[in-house]
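The values are calculated or read from the model by the stated rules, or taken from the named source; none is laboratory data. Not measured: the values here are computed from a predicted model. Cβ atoms come from the backbone with ideal geometry, glycine included; neighbour counts cover every protein chain shown. Note: accessible area is taken over every heavy atom of the protein model, side chains too, but ligands, DNA and RNA are not part of it. Shrake-Rupley method; radii C 1.70, N 1.55, O 1.52, S 1.80 Å.
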Amino acid sequence: MNKGLAIYPGSFDPTTNGHLDLIERGAKIFEELVVAILRNSEKSPMFSVAERLEMLRELTAHLKNVRIDTFDGLMVEYAKSMEAICILRGIRAISDYEYELQMALMNRKLEPTLETVFMMPADKYSYVSSRLVREVAQAGGPVKGLVPEVVEQKLREKLDPAYKLRDVRLIEVLGKDLDKREKKRKKKA
Ligand code: PNS
């Protein structure tokens, strides 16, 4: 049993600033924190598990005691296989409490040795959820400040593939322009 290891499970579709805030808080408390993305979610996700994994890895690269992983099936089974003694979950508001309490008690019934620890993200993120972020972004609204910049960019690319193309074209055009200027400079020299 690894007493310093906690699992922070979730869908992270996509990671919000609230998630990141909680990961940073958890990383200060636990020796090691494994952020575990559920693979077999029934919901049809916006981002694939691979995309979510990549984003989370990038976002937590500065936290040396944080690892990102994925899991299938029962969370308690996964936590046991990792020899963790603790599950970390975030509670933003009273509305989260009922669901989280139910889940924590069910997990305790399934595996009594596993404790759930709740932490609160910064109050400025208390209304931020992945579902609302997806909804706002899908309707063309701004999500700046609600998600990390990497996620904001990925949301833009996902919802408007032309955006990525526009970036590539811009780089091509700028590249050609730079080439021309370089050739001119060489001719003059
Ligand atoms: O970010 P989410 O969607 O609130 O996370 C929910 C999650 C992934 C933690 C929960 O659905 C889960 O643990 N699912 C795995 C299956 C499981 O163990 N179910 C019983 C939980 S009581």
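Of all residues in segment 49-66, those satisfying the criterion of being in a helix (DSSP H, G or I), touching a residue at least 40 places away in the same chain (Cβ under 8 Å) and away from the ligand (no atom under 14 Å from the Cβ) are Glu51, Met55, Glu58, Leu59.
Can you tell me which residue within segment 15-45, out of those that are away from the ligand (no atom under 11 Å from the Cβ) and in a loop (DSSP other than H, G, I, E, B), is surrounded by the fewest Cβ atoms within 10 Å (Cβ to Cβ)? My answer is Ser44. Exactly one residue among Ile68, Ile85 is of a type in the set (Val, Ile, Thr) and modelled with pLDDT under 95, and that residue is Ile85. Out of Val117, Val136, Val143, Val150, one residue alone is closer than 17 Å to Gly90 by Cα and among the hydrophobic types (A, V, I, L, M, F, W, C). It is Val117. Selection within segment 80-94: residues that are surrounded by 12 or more Cβ atoms within 10 Å (Cβ to Cβ) and more than 20 Å from Glu24 (Cα to Cα). The member of this set that is nearest to the ligand (Cβ to nearest atom) is Lys80. Screening Gln138 with (1) modelled with pLDDT of 95 or more; (2) of a type outside the set (Ser, Thr, Tyr); (3) more than 15 Å from the ligand (Cβ to nearest atom); (4) open to solvent by 40 Å² or more (accessible area, probe 1.4 Å) gives one miss only, at (1). Within segment 56-79, the residues that satisfy the criterion of being more than 21 Å from Thr16 (Cβ to Cβ) and open to solvent by less than 30 Å² (accessible area, probe 1.4 Å) are Val76, Tyr78, Ala79. Of the residues making up segment 98-125, those that are of a type outside the set (A, V, I, L, M, F, W, C) and open to solvent by 50 Å² or more (accessible area, probe 1.4 Å) are Glu98, Tyr99, Gln102, Arg108, Lys109, Pro112, Thr113, Glu115, Asp123, Lys124.
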